[in-house]
Structures are given as C-alpha cells and as structure tokens.
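Everything below concerns the one structure shown next.
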Amino acid sequence: MPSPYSRPGGVSAAELIELAAGPVLGALPGRAAVDDQYNPEATDEEIRLHGPVSDDPAELVAEVERHVAWAAALDQTPFAEQGELTRPGLAMFSLVLRGSVRGVLSGVYDTEPSEREMRLYGDGESVLLWNILPDRTQFEYTDFGDLPELVAGSLPPVPEGVGDPVRVALDEHGMVAEGQEDEVGLITDLLARERAGTTLVDLVAFGGLCAEYPDNGFVLVDNDLGRHALCVAERELRLVPLGRRALCDWLRKSVEAGRVGPP
C-alpha cells in the first residue's frame with residue numbers, strides 16, 4: 001500500500017477507520033443507526049398498539065390495519081397472546097424504543113452466517129440483544145449487568161491478537177501528526193492481511209457517546225494474528241490486541257462512563 005504521506009495533507013484517522021471497516025461498509029450499506037427507533041417519549045399504550053393513537057376518526061382505519069399487521073407478525077413469538085403484547089413483550093419493546101443504552105454491531109465473517117447485525121438495547125436494569133441473521137432472528141433478554149458477556153459471547157470466537165499496541169497521535173482535525181510513518185505502516189499492514197472477520201461497533205450509553213463510526217470509530221479486525229481493535233479515543237488512533245476479557249472490560253467501562261459522564 002502506498003504511504004499515506006505521499007499525498008499532501010497526510011492521512012486522517014477516519015480514513016484508517018474506513019479501511020478497517022471496509023468489509024462491513026461494502027456488505028451492509030444499510031446497517032441501522034444506533035438511534036434507530038429511539039422514542040423515549042413513547043407511552044405503554046403506544047407500544048401496545050405499535051404507534052401513536054390519533055383522535056382523528058379519519059386515521060382510525062390506518063391505525064387498526066397497522067395494529068392487525070403488528071399482531072400477526074408477533075403471533076408466532078412469545079411476545080404476544082391473541083394479538084396483545086405479553087408483559088415480557090411489553091418490557092422488550094419498551095427497551096427497543098426507550099432504552100438509553102443502544103448499540104449496533106455489524107459483522108462480516110468467514111463462518112456461517114457470514115453477515116449479521118446485532119442490536120443492543122438496555123436501560124440500566126435489563127438488556128436485550130437482537131441478533132439479526134440472513135434467515136432468522138434471535139434474541140436474548142437478561143439482567144443489565146450481563147451486557148459485556150452477552151455482547152462478547154455473540155461474536156465468533158477468535159484468539160486474542162498478538163503484538164504490542166500501536167498509538168498514533170492526532171491533531172485537532174483528526175489528522176495523523178507527522179513523523180508517525182512507522183506506526184501508520186503497522187496499522188495498514190495489519191489491515192491488509194486476509195480477514196477472518198470484521199465487526200463495526202456503535203454504542204451510546206445514558207446519553208454518552210462510547211463509539212460511533214467514523215469519527216469515534218471502533219472496529220474489530222480478526223485475522224491470522226487474532227483479534228485487534230482499531231479505535232479513536234482521546235485524540236489518538238489506537239490499534240490494540242483484544243481478547244474476550246478486554247472486550248468485556250471496554251464495554252463495561254464505556255457504559256459506566258456514559259452513566260456518570262466524563263471525569
């Protein structure tokens with residue numbers, strides 16, 4: 001790969017994050033935004049009816065049709081009985097609409113299924129992981145404290161990466177500061193290796209931004225050297241070996257930072 005310093009202006013962190021996320025961006029261009037369906041003002045009644053209720057009689061037919069379609073879609077799930085949400089169903093959809101902890105993990109892997117999207121919803125008490133596969137949908141609903149293990153366990157098992165962490169200083173515009181050609185070369189060399197998987201992570205917690213593509217990107221890269229994370233944090237671009245325990249630690253600390261705010 002030609003040196004990014006061969007062109008005027010050098011290279012930005014966003015460009016390297018895009019290079020890391022390339023397989024996901026190419027295969028899943030319509031991936032959900034982290035705030036998809038977020039509606040913290042939704043009432044329980046609106047959740048039961050899958051939308052707001054209007055006082056306008058002219059809208060009654062459309063509302064009934066929407067509710068009938070909603071009930072039919074839930075008919076074969078444990079979330080509803082006779083067209084009405086059960087208590088677990090109401091709790092689950094409440095998280096989807098009103099949960100202030102929200103994540104989207106979009107992945108492309110060399111194992112089956114080769115593409116998947118994992119959506120995460122939580123509120124500090126419960127957490128829901130919705131795993132959207134090409135031919136089916138799976139969900140896990142559990143205590144909020146289980147969030148790190150829930151997410152880490154949903155990813156393909158890959159050994160922790162090998163090698164030392166690489167840190168690249170960024171200027172106020174997100175550009176790589178000069179004199180770091182060797183560090184950038186280490187990153188691009190790793191990204192050029194044949195991939196076993198790529199996961200792009202977006203995560204917000206209690207109003208705090210934990211990771212969001214591209215400026216605050218967080219990408220997991222799996223190859224013959226194991227799993228690494230390429231991320232932007234504190235005006236640095238960081239490439240770090242990442243095992244399951246380290247991923248759980250990052251998730252736990254990120255969510256807690258979102259809850260309490262910056263120090």
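Quick look at the numbers
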read-out	value
Cross-chain or 6+ apart pairs with Cβ under 6 Å, segment 225-244 first and within 13 Å of V176 (Cα to Cα), then among the β-branched types (V, I, T)	L237/V168
Meets criteria (crowded, with 20+ Cβ neighbours inside 10 Å, out of contact with any Leu (no Cβ under 6 Å at 6 or more places or on another chain), of a type in the set (A, V, I, L, M, F, W, C) and closer than 25 Å to G124 by Cα) for L203	yes
Filter result (in contact with a strand residue (DSSP E or B) (Cβ under 6 Å, 6 or more places away or on another chain) and of a type in the set (K, R)) within segment 87-136	R102, R116, R119
Out of D182, D171, D224, D249, sole residue that is touching a Pro at 6+ places or on another chain (Cβ under 9 Å) and assigned by TED's automatic domain parsing to the domain that holds P148	D249
Looking only at segment 182-219, and only at residues there that are among the acidic types (D, E) and modelled with pLDDT under 95, the one that is farthest from R259 (Cα to Cα)	D215
The lone exception for S126 - which of (1) farther than 22 Å from E18 by Cα; (2) crowded, with 16+ Cβ neighbours inside 10 Å; (3) touching a residue at least 60 places away in the same chain (Cβ under 8 Å) it fails	(3)
Filter result (under 19 Å from D189 (Cβ atoms) and in contact with an Asp or Glu (Cβ under 6 Å, 6 or more places away or on another chain)) within segment 224-244	G226, P241
Residues of segment 7-36 that turn out to be within 30 Å of R98 (Cα to Cα) and of a type in the set (K, R), as a count	1
Subset of segment 90-132 that is basic (K, R) and closer than 14 Å to Y38 by Cα - its residue that is farthest from the chain's Cα centre (by Cα)	R98
Single condition E172 does not satisfy, out of (1) at pLDDT 95 or above; (2) surrounded by fewer than 16 Cβ atoms within 10 Å (Cβ to Cβ)	(1)
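The values are calculated or read from the model by the stated rules, or taken from the named source; none is laboratory data. Computed from a predicted structure; not experimentally measured. FYI the Cβ positions are ideal-geometry reconstructions off the backbone, even for glycines, and counts take in every protein chain you see.
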